[in-house]
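Worksheet: one structure, shown below.
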Amino acid sequence: MSTRLKDVIESLIFVSLEPLTLEKIKNICSEFAEMEIKEAIQEIIENYASNQRGIQIIQAAGGYLFSTKSEHDQWVRRLLRMEQKNKLSRAALETLATVAYHQPMTLAEISALRGVDSTYTLKTLLQKKLVKITGRKKSPGRPLIYRTTDRFLTYFGLNSLSDLPSEEEISKILDEEKIFE
Amino acid sequence: MEEAREYQVNLEVFQGPLDLLLFLIRKKKIDIHDIPIASITREYLDYLDRKEKINLEREGEFLLIAALLIYIKSQMLLPRETLTEEEEDPRKVLVDHLLEYQKIKAASALLREKEDKQMMLWQRTALPSLPSKDELELTEVSLFDLAEVFLTLMKKKEQENIRFIHGKDYSLEVKMKELIDFLKENRYLDFQEYFDHQESIEEALVSFFCLLELIKARIVIAVQETLFRSIKVWLRQEARS
(Lines give C-alpha, C1' and ligand atoms only; values in the text may rest on other atoms or scores of the structure.)
Protein backbone atom coordinates (compact mmCIF):
# COMPACT_ATOMS: atom_id res chain seq x y z
CA MET A 1 0.00 0.00 0.00
CA SER A 2 2.59 2.50 1.04
CA THR A 3 4.69 1.86 -2.03
CA ARG A 4 1.75 2.77 -4.21
CA LEU A 5 1.12 6.02 -2.39
CA LYS A 6 4.78 6.82 -2.79
CA ASP A 7 4.54 6.36 -6.55
CA VAL A 8 1.42 8.46 -6.75
CA ILE A 9 3.04 11.34 -4.90
CA GLU A 10 6.14 11.05 -7.03
CA SER A 11 4.00 11.48 -10.15
CA LEU A 12 2.21 14.45 -8.66
CA ILE A 13 5.46 16.21 -7.89
CA PHE A 14 6.74 15.33 -11.33
CA VAL A 15 3.94 17.03 -13.19
CA SER A 16 3.94 20.12 -10.97
CA LEU A 17 5.76 23.12 -12.31
CA GLU A 18 5.37 24.97 -9.04
CA PRO A 19 6.30 23.53 -5.66
CA LEU A 20 3.60 21.05 -4.68
CA THR A 21 2.42 21.63 -1.13
CA LEU A 22 1.58 18.97 1.41
CA GLU A 23 -1.87 20.52 1.57
CA LYS A 24 -2.47 19.79 -2.10
CA ILE A 25 -1.12 16.28 -1.86
CA LYS A 26 -3.43 15.67 1.09
CA ASN A 27 -6.41 16.92 -0.89
CA ILE A 28 -5.65 14.68 -3.81
CA CYS A 29 -4.75 11.61 -1.80
CA SER A 30 -7.66 12.11 0.56
CA GLU A 31 -8.07 8.38 1.18
CA PHE A 32 -4.71 8.29 2.92
CA ALA A 33 -3.83 9.50 6.38
CA GLU A 34 -1.59 12.51 6.78
CA MET A 35 1.05 10.46 8.57
CA GLU A 36 1.20 7.98 5.72
CA ILE A 37 1.56 10.77 3.21
CA LYS A 38 4.31 12.47 5.17
CA GLU A 39 6.19 9.21 5.49
CA ALA A 40 5.83 8.53 1.80
CA ILE A 41 7.17 11.98 0.92
CA GLN A 42 10.11 11.47 3.23
CA GLU A 43 10.79 8.12 1.63
CA ILE A 44 10.79 9.64 -1.86
CA ILE A 45 13.12 12.43 -0.81
CA GLU A 46 15.51 9.96 0.76
CA ASN A 47 15.34 7.68 -2.26
CA TYR A 48 16.37 10.46 -4.53
CA ALA A 49 19.04 11.71 -2.19
CA SER A 50 20.66 8.36 -1.54
CA ASN A 51 20.37 6.63 -4.87
CA GLN A 52 22.81 7.95 -7.34
CA ARG A 53 20.25 9.94 -9.22
CA GLY A 54 20.68 12.98 -11.37
CA ILE A 55 17.69 14.70 -9.93
CA GLN A 56 16.52 15.36 -6.42
CA ILE A 57 13.47 16.62 -4.65
CA ILE A 58 13.88 19.94 -2.94
CA GLN A 59 11.62 21.83 -0.59
CA ALA A 60 10.80 25.40 -1.52
CA ALA A 61 7.98 27.82 -0.84
CA GLY A 62 6.28 25.25 1.34
CA GLY A 63 6.18 22.58 -1.34
CA TYR A 64 8.16 19.89 -3.06
CA LEU A 65 9.62 19.97 -6.52
CA PHE A 66 12.10 18.18 -8.70
CA SER A 67 15.41 19.83 -9.29
CA THR A 68 18.69 18.92 -10.90
CA LYS A 69 21.77 18.66 -8.73
CA SER A 70 24.30 21.45 -8.70
CA GLU A 71 27.10 19.30 -10.11
CA HIS A 72 25.24 18.98 -13.39
CA ASP A 73 24.76 22.69 -13.83
CA GLN A 74 27.19 23.12 -16.70
CA TRP A 75 25.65 20.24 -18.65
CA VAL A 76 22.16 21.62 -18.32
CA ARG A 77 23.39 25.00 -19.43
CA ARG A 78 24.88 23.41 -22.51
CA LEU A 79 21.51 21.95 -23.39
CA LEU A 80 19.72 25.23 -22.84
CA ARG A 81 22.52 27.20 -24.49
CA MET A 82 22.84 29.42 -21.52
CA GLU A 83 26.09 30.94 -20.39
CA GLN A 84 24.99 31.91 -16.93
CA LYS A 85 21.73 32.79 -15.40
CA ASN A 86 21.37 36.48 -14.73
CA LYS A 87 21.81 37.35 -11.13
CA LEU A 88 19.90 40.05 -9.39
CA SER A 89 21.59 43.43 -9.21
CA ARG A 90 22.85 44.64 -5.85
CA ALA A 91 20.10 47.21 -5.70
CA ALA A 92 17.46 44.59 -6.50
CA LEU A 93 18.82 42.20 -3.90
CA GLU A 94 18.94 44.91 -1.25
CA THR A 95 15.41 46.04 -2.02
CA LEU A 96 14.20 42.46 -1.93
CA ALA A 97 15.87 41.87 1.44
CA THR A 98 14.26 45.05 2.75
CA VAL A 99 10.80 43.91 1.72
CA ALA A 100 11.39 40.36 2.92
CA TYR A 101 12.27 41.41 6.46
CA HIS A 102 9.84 44.28 6.86
CA GLN A 103 6.82 43.30 4.82
CA PRO A 104 4.21 44.53 4.27
CA MET A 105 5.88 47.72 3.11
CA THR A 106 5.10 50.73 0.96
CA LEU A 107 7.44 52.14 -1.65
CA ALA A 108 8.09 55.19 0.55
CA GLU A 109 9.05 52.97 3.48
CA ILE A 110 11.38 50.88 1.33
CA SER A 111 13.06 53.98 -0.08
CA ALA A 112 13.39 55.51 3.38
CA LEU A 113 15.02 52.44 4.85
CA ARG A 114 17.49 52.12 2.00
CA GLY A 115 18.06 55.87 1.84
CA VAL A 116 17.61 55.55 -1.90
CA ASP A 117 14.64 56.04 -4.19
CA SER A 118 13.56 52.49 -5.03
CA THR A 119 10.81 53.09 -7.58
CA TYR A 120 12.65 51.59 -10.51
CA THR A 121 14.11 48.65 -8.60
CA LEU A 122 10.74 47.75 -7.18
CA LYS A 123 9.25 47.84 -10.65
CA THR A 124 11.76 45.31 -11.94
CA LEU A 125 11.12 43.09 -8.94
CA LEU A 126 7.40 43.26 -9.69
CA GLN A 127 8.07 42.25 -13.27
CA LYS A 128 10.17 39.34 -12.11
CA LYS A 129 7.26 38.44 -9.83
CA LEU A 130 9.55 38.38 -6.81
CA VAL A 131 7.33 40.90 -5.06
CA LYS A 132 3.63 41.56 -5.37
CA ILE A 133 1.13 44.23 -4.48
CA THR A 134 -1.17 43.04 -1.75
CA GLY A 135 -3.33 46.05 -1.14
CA ARG A 136 -3.25 49.61 0.03
CA LYS A 137 -2.17 51.04 3.32
CA LYS A 138 -4.86 52.81 5.29
CA SER A 139 -2.92 56.03 5.50
CA PRO A 140 -3.05 59.32 3.61
CA GLY A 141 -2.70 58.73 -0.10
CA ARG A 142 -3.51 55.05 0.37
CA PRO A 143 -0.12 53.89 -0.92
CA LEU A 144 0.27 50.37 -2.32
CA ILE A 145 1.76 47.75 -0.07
CA TYR A 146 4.22 45.13 -1.22
CA ARG A 147 5.11 41.64 -0.11
CA THR A 148 7.47 38.97 -1.36
CA THR A 149 6.00 36.13 -3.40
CA ASP A 150 6.28 32.36 -3.40
CA ARG A 151 8.53 32.74 -6.38
CA PHE A 152 10.86 34.76 -4.14
CA LEU A 153 11.06 31.79 -1.77
CA THR A 154 11.68 29.35 -4.60
CA TYR A 155 14.27 31.64 -6.14
CA PHE A 156 16.39 31.54 -3.01
CA GLY A 157 15.53 27.96 -2.12
CA LEU A 158 13.66 28.99 1.01
CA ASN A 159 10.82 26.93 2.34
CA SER A 160 9.13 29.81 4.13
CA LEU A 161 9.89 33.32 5.31
CA SER A 162 11.14 31.91 8.59
CA ASP A 163 14.01 30.39 6.61
CA LEU A 164 15.39 33.84 5.88
CA PRO A 165 18.86 34.38 7.33
CA SER A 166 18.42 34.74 11.08
CA GLU A 167 19.60 37.49 13.41
CA GLU A 168 22.48 35.25 14.50
CA GLU A 169 23.60 34.57 10.97
CA ILE A 170 23.42 38.26 10.25
CA SER A 171 25.45 39.32 13.29
CA LYS A 172 27.96 36.63 12.50
CA ILE A 173 28.56 37.91 9.01
CA LEU A 174 28.71 41.46 10.34
CA ASP A 175 31.47 40.47 12.75
CA GLU A 176 33.40 38.87 9.94
CA GLU A 177 33.23 42.16 8.10
CA LYS A 178 33.08 40.12 4.96
CA ILE A 179 30.47 42.28 3.34
CA PHE A 180 32.56 45.41 3.56
CA GLU A 181 35.07 45.31 0.79
CA MET B 1 48.99 58.59 3.81
CA GLU B 2 48.23 55.03 3.04
CA GLU B 3 44.81 55.40 4.49
CA ALA B 4 44.02 58.31 2.28
CA ARG B 5 44.84 56.22 -0.72
CA GLU B 6 42.56 53.46 0.35
CA TYR B 7 39.71 55.85 0.11
CA GLN B 8 40.00 56.30 -3.60
CA VAL B 9 36.61 54.82 -4.20
CA ASN B 10 33.94 56.20 -6.41
CA LEU B 11 30.58 57.22 -5.19
CA GLU B 12 29.06 54.88 -7.77
CA VAL B 13 30.12 51.75 -5.93
CA PHE B 14 27.82 52.60 -3.06
CA GLN B 15 24.22 51.61 -3.02
CA GLY B 16 23.34 54.92 -1.43
CA PRO B 17 24.29 57.38 1.28
CA LEU B 18 23.81 54.85 4.09
CA ASP B 19 26.10 52.43 2.32
CA LEU B 20 28.78 55.13 2.12
CA LEU B 21 28.29 56.11 5.73
CA LEU B 22 28.61 52.53 6.90
CA PHE B 23 31.73 52.13 4.81
CA LEU B 24 33.34 55.15 6.45
CA ILE B 25 32.38 53.98 9.92
CA ARG B 26 33.89 50.59 9.26
CA LYS B 27 37.04 51.97 7.72
CA LYS B 28 37.65 54.26 10.67
CA LYS B 29 36.78 51.46 13.04
CA ILE B 30 34.26 53.68 14.73
CA ASP B 31 31.79 52.34 17.24
CA ILE B 32 28.50 52.73 15.48
CA HIS B 33 26.80 53.66 18.77
CA ASP B 34 29.19 56.51 19.36
CA ILE B 35 29.81 58.20 16.06
CA PRO B 36 32.01 61.28 16.11
CA ILE B 37 29.67 63.27 13.96
CA ALA B 38 32.07 66.09 13.08
CA SER B 39 34.82 63.92 11.68
CA ILE B 40 32.50 61.52 9.91
CA THR B 41 30.68 64.43 8.33
CA ARG B 42 33.97 65.78 7.05
CA GLU B 43 34.87 62.42 5.55
CA TYR B 44 31.46 62.09 4.07
CA LEU B 45 31.55 65.51 2.45
CA ASP B 46 35.01 64.77 1.08
CA TYR B 47 33.43 61.99 -0.87
CA LEU B 48 30.79 64.20 -2.31
CA ASP B 49 33.48 66.72 -3.24
CA ARG B 50 35.15 64.14 -5.40
CA LYS B 51 32.31 64.43 -7.78
CA GLU B 52 32.82 67.33 -10.09
CA LYS B 53 29.15 67.80 -10.48
CA ILE B 54 26.44 66.55 -8.26
CA ASN B 55 23.69 64.96 -10.22
CA LEU B 56 20.69 65.86 -8.14
CA GLU B 57 18.64 62.97 -9.46
CA ARG B 58 21.08 60.44 -8.19
CA GLU B 59 23.16 62.16 -5.56
CA GLY B 60 20.35 64.14 -4.00
CA GLU B 61 19.97 61.37 -1.49
CA PHE B 62 23.61 61.73 -0.50
CA LEU B 63 23.03 65.39 0.18
CA LEU B 64 20.02 64.58 2.30
CA ILE B 65 22.13 62.50 4.66
CA ALA B 66 24.84 65.16 4.66
CA ALA B 67 22.22 67.65 5.82
CA LEU B 68 21.09 65.20 8.49
CA LEU B 69 24.64 64.79 9.77
CA ILE B 70 25.10 68.53 10.05
CA TYR B 71 21.74 68.86 11.73
CA ILE B 72 22.70 66.23 14.29
CA LYS B 73 25.97 68.01 14.97
CA SER B 74 24.13 71.27 15.54
CA GLN B 75 21.76 69.58 17.94
CA MET B 76 24.67 68.21 19.89
CA LEU B 77 26.26 71.63 20.14
CA LEU B 78 23.16 73.24 21.56
CA PRO B 79 23.45 73.69 25.28
CA ARG B 80 20.81 71.89 27.24
CA GLU B 81 19.22 72.95 30.41
CA THR B 82 19.19 69.56 31.99
CA LEU B 83 20.99 66.47 31.02
CA THR B 84 18.87 63.62 32.18
CA GLU B 85 19.35 59.96 31.43
CA GLU B 86 16.24 59.86 29.31
CA GLU B 87 17.33 62.68 27.08
CA GLU B 88 17.75 61.24 23.67
CA ASP B 89 21.03 61.35 21.93
CA PRO B 90 20.39 63.29 18.72
CA ARG B 91 22.35 60.60 16.93
CA LYS B 92 19.99 57.85 17.97
CA VAL B 93 17.63 58.07 15.02
CA LEU B 94 20.52 57.89 12.58
CA VAL B 95 22.22 55.08 14.48
CA ASP B 96 19.04 52.99 14.57
CA HIS B 97 18.59 53.58 10.89
CA LEU B 98 22.17 52.62 10.14
CA LEU B 99 21.91 49.46 12.22
CA GLU B 100 18.76 48.44 10.40
CA TYR B 101 20.31 49.17 7.04
CA GLN B 102 23.40 47.24 8.03
CA LYS B 103 21.26 44.22 8.78
CA ILE B 104 19.64 44.46 5.38
CA LYS B 105 23.03 44.69 3.76
CA ALA B 106 24.22 41.60 5.60
CA ALA B 107 21.03 39.77 4.77
CA SER B 108 21.54 40.68 1.11
CA ALA B 109 24.98 39.12 1.20
CA LEU B 110 23.55 35.94 2.71
CA LEU B 111 20.76 35.87 0.17
CA ARG B 112 23.34 36.29 -2.57
CA GLU B 113 25.03 33.10 -1.36
CA LYS B 114 21.71 31.32 -1.53
CA GLU B 115 21.10 32.72 -4.98
CA ASP B 116 24.48 31.42 -6.14
CA LYS B 117 23.67 27.97 -4.84
CA GLN B 118 20.20 28.00 -6.29
CA MET B 119 21.47 29.07 -9.70
CA MET B 120 23.18 25.74 -10.10
CA LEU B 121 19.91 23.92 -9.67
CA TRP B 122 17.52 23.64 -12.55
CA GLN B 123 13.86 23.05 -12.14
CA ARG B 124 11.17 22.40 -14.61
CA THR B 125 9.87 25.84 -13.74
CA ALA B 126 13.06 27.30 -15.08
CA LEU B 127 12.13 26.35 -18.61
CA PRO B 128 9.94 28.75 -20.49
CA SER B 129 6.37 27.92 -19.67
CA LEU B 130 4.15 26.64 -22.44
CA PRO B 131 2.46 29.44 -24.26
CA SER B 132 -1.18 29.74 -23.49
CA LYS B 133 -3.74 29.49 -26.23
CA ASP B 134 -3.76 33.22 -26.81
CA GLU B 135 -0.06 33.35 -27.36
CA LEU B 136 0.30 30.82 -30.15
CA GLU B 137 2.66 31.98 -32.78
CA LEU B 138 0.07 33.16 -35.17
CA THR B 139 0.46 34.92 -38.40
CA GLU B 140 -2.19 37.34 -39.31
CA VAL B 141 -3.54 36.55 -42.73
CA SER B 142 -4.00 39.01 -45.50
CA LEU B 143 -7.12 39.82 -47.40
CA PHE B 144 -5.87 37.76 -50.32
CA ASP B 145 -5.51 34.65 -48.21
CA LEU B 146 -9.07 35.08 -47.09
CA ALA B 147 -10.37 35.77 -50.57
CA GLU B 148 -8.59 32.74 -51.93
CA VAL B 149 -10.06 30.40 -49.39
CA PHE B 150 -13.42 31.99 -49.87
CA LEU B 151 -13.37 31.50 -53.63
CA THR B 152 -12.50 27.83 -53.36
CA LEU B 153 -15.31 27.41 -50.94
CA MET B 154 -17.71 29.20 -53.20
CA LYS B 155 -16.79 27.00 -56.11
CA LYS B 156 -17.55 23.99 -54.02
CA LYS B 157 -20.83 25.47 -52.96
CA GLU B 158 -21.79 26.35 -56.49
CA GLN B 159 -21.57 22.76 -57.56
CA GLU B 160 -23.75 21.38 -54.87
CA ASN B 161 -26.13 24.26 -54.81
CA ILE B 162 -27.88 23.89 -58.11
CA ARG B 163 -31.29 24.43 -56.76
CA PHE B 164 -31.81 28.11 -56.57
CA ILE B 165 -34.20 28.74 -53.83
CA HIS B 166 -35.08 32.25 -53.04
CA GLY B 167 -34.95 32.50 -49.38
CA LYS B 168 -34.74 35.05 -46.72
CA ASP B 169 -32.82 38.21 -47.04
CA TYR B 170 -29.70 38.42 -45.01
CA SER B 171 -29.11 41.61 -43.19
CA LEU B 172 -25.58 42.74 -42.63
CA GLU B 173 -26.31 43.93 -39.14
CA VAL B 174 -27.94 40.73 -38.00
CA LYS B 175 -25.19 38.67 -39.49
CA MET B 176 -22.52 40.72 -37.83
CA LYS B 177 -24.11 40.33 -34.46
CA GLU B 178 -24.45 36.62 -35.12
CA LEU B 179 -20.75 36.37 -35.87
CA ILE B 180 -19.69 38.24 -32.77
CA ASP B 181 -22.00 36.22 -30.58
CA PHE B 182 -20.61 33.07 -32.07
CA LEU B 183 -17.07 34.21 -31.34
CA LYS B 184 -17.88 35.22 -27.81
CA GLU B 185 -19.20 31.79 -27.17
CA ASN B 186 -16.70 29.70 -29.07
CA ARG B 187 -13.53 31.77 -28.74
CA TYR B 188 -12.71 31.25 -32.37
CA LEU B 189 -14.26 30.37 -35.67
CA ASP B 190 -12.80 28.08 -38.27
CA PHE B 191 -13.06 29.96 -41.52
CA GLN B 192 -13.48 26.93 -43.77
CA GLU B 193 -15.86 25.13 -41.51
CA TYR B 194 -17.99 28.17 -41.00
CA PHE B 195 -18.54 28.81 -44.68
CA ASP B 196 -19.14 25.16 -45.35
CA HIS B 197 -22.19 25.43 -43.20
CA GLN B 198 -23.71 28.43 -44.85
CA GLU B 199 -27.02 27.71 -46.45
CA SER B 200 -26.62 29.58 -49.67
CA ILE B 201 -24.16 31.55 -51.67
CA GLU B 202 -26.08 34.59 -50.74
CA GLU B 203 -25.65 33.96 -47.05
CA ALA B 204 -22.00 33.11 -47.49
CA LEU B 205 -21.44 36.34 -49.35
CA VAL B 206 -23.04 38.38 -46.63
CA SER B 207 -21.06 36.53 -44.00
CA PHE B 208 -17.84 37.08 -45.83
CA PHE B 209 -18.60 40.73 -46.23
CA CYS B 210 -19.35 41.00 -42.52
CA LEU B 211 -16.12 39.32 -41.66
CA LEU B 212 -14.17 41.77 -43.75
CA GLU B 213 -15.93 44.63 -42.05
CA LEU B 214 -15.14 43.23 -38.63
CA ILE B 215 -11.51 42.77 -39.53
CA LYS B 216 -11.35 46.29 -40.82
CA ALA B 217 -12.93 47.61 -37.65
CA ARG B 218 -10.30 45.63 -35.73
CA ILE B 219 -12.95 43.77 -33.81
CA VAL B 220 -11.78 40.39 -34.96
CA ILE B 221 -8.50 39.06 -36.23
CA ALA B 222 -7.95 36.35 -38.84
CA VAL B 223 -4.94 34.20 -38.17
CA GLN B 224 -3.24 31.07 -39.34
CA GLU B 225 -1.56 28.88 -36.75
CA THR B 226 0.97 27.68 -39.22
CA LEU B 227 1.36 28.01 -42.91
CA PHE B 228 -1.23 26.09 -44.93
CA ARG B 229 -3.30 25.33 -41.90
CA SER B 230 -6.84 26.47 -41.63
CA ILE B 231 -7.58 30.11 -41.02
CA LYS B 232 -9.14 30.98 -37.74
CA VAL B 233 -10.97 34.07 -36.74
CA TRP B 234 -10.56 35.34 -33.20
CA LEU B 235 -12.24 38.10 -31.37
CA ARG B 236 -9.66 40.69 -30.51
CA GLN B 237 -8.86 40.77 -26.82
CA GLU B 238 -9.91 44.37 -26.33
CA ALA B 239 -13.23 43.80 -28.09
CA ARG B 240 -14.14 40.88 -25.91
CA SER B 241 -15.83 42.76 -23.12
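Taken over segment A:96-112, the criterion of being surrounded by fewer than 19 Cβ atoms within 10 Å (Cβ to Cβ), more than 30 Å from A:I45 (Cβ to Cβ) and in contact with a strand residue (DSSP E or B) (Cβ under 6 Å, 6 or more places away or on another chain) is satisfied by A:P104, A:T106. For the criterion of being more than 9 Å from chain B (Cβ to nearest Cβ), open to solvent by less than 30 Å² (accessible area, probe 1.4 Å) and on the phi > 0 side of the Ramachandran plot, A:G115 fails. Entry remark, segment A:1-51: residues being surrounded by 13 or more Cβ atoms within 10 Å (Cβ to Cβ), under 22 Å from the mean Cα position of the chain (by Cα) and of a type in the set (D, E) number 2 in total. Condition test on A:Q52, is it over 24 Å from B:L110 (Cβ atoms) and within 12 Å of chain B (Cβ to nearest Cβ)? No; evaluated as a whole, the condition is false for this residue. What about A:Q103, is it more than 9 Å from chain B (Cβ to nearest Cβ), under 28 Å from B:V93 (Cα atoms) and of a type outside the set (D, E, K, R)? Yes, satisfied.
Restricting attention to segment B:110-124, the residues being surrounded by fewer than 19 Cβ atoms within 10 Å (Cβ to Cβ) and part of a helix (DSSP H, G or I) number 8.
Put simply, of A:R136, A:R147, A:R142 the only residue that is open to solvent by 60 Å² or more (accessible area, probe 1.4 Å) and touching a Pro at 6+ places or on another chain (Cβ under 6 Å) is A:R147. The residue that is surrounded by the most Cβ atoms within 10 Å (Cβ to Cβ), counting only those in segment A:59-95 that are facing chain B (nearest Cβ under 7 Å) and among the hydrophobic types (A, V, I, L, M, F, W, C), is A:L93.
Each residue in segment A:150-181 was checked for being within 12 Å of chain B (Cβ to nearest Cβ), part of a helix (DSSP H, G or I) and open to solvent by 80 Å² or more (accessible area, probe 1.4 Å), and 8 pass.
The values are calculated or read from the model by the stated rules, or taken from the named source; none is laboratory data. Bear in mind the structure is a predicted one, so any value in this text is a computation, not a measurement. Reconstructed Cβ throughout: ideal geometry from the backbone, glycine too, with neighbour counts over all protein chains shown. For the accessible areas, the whole protein counts, side chains as well, though only heavy atoms, and no ligand, DNA or RNA atoms are used. Shrake-Rupley method; radii C 1.70, N 1.55, O 1.52, S 1.80 Å.
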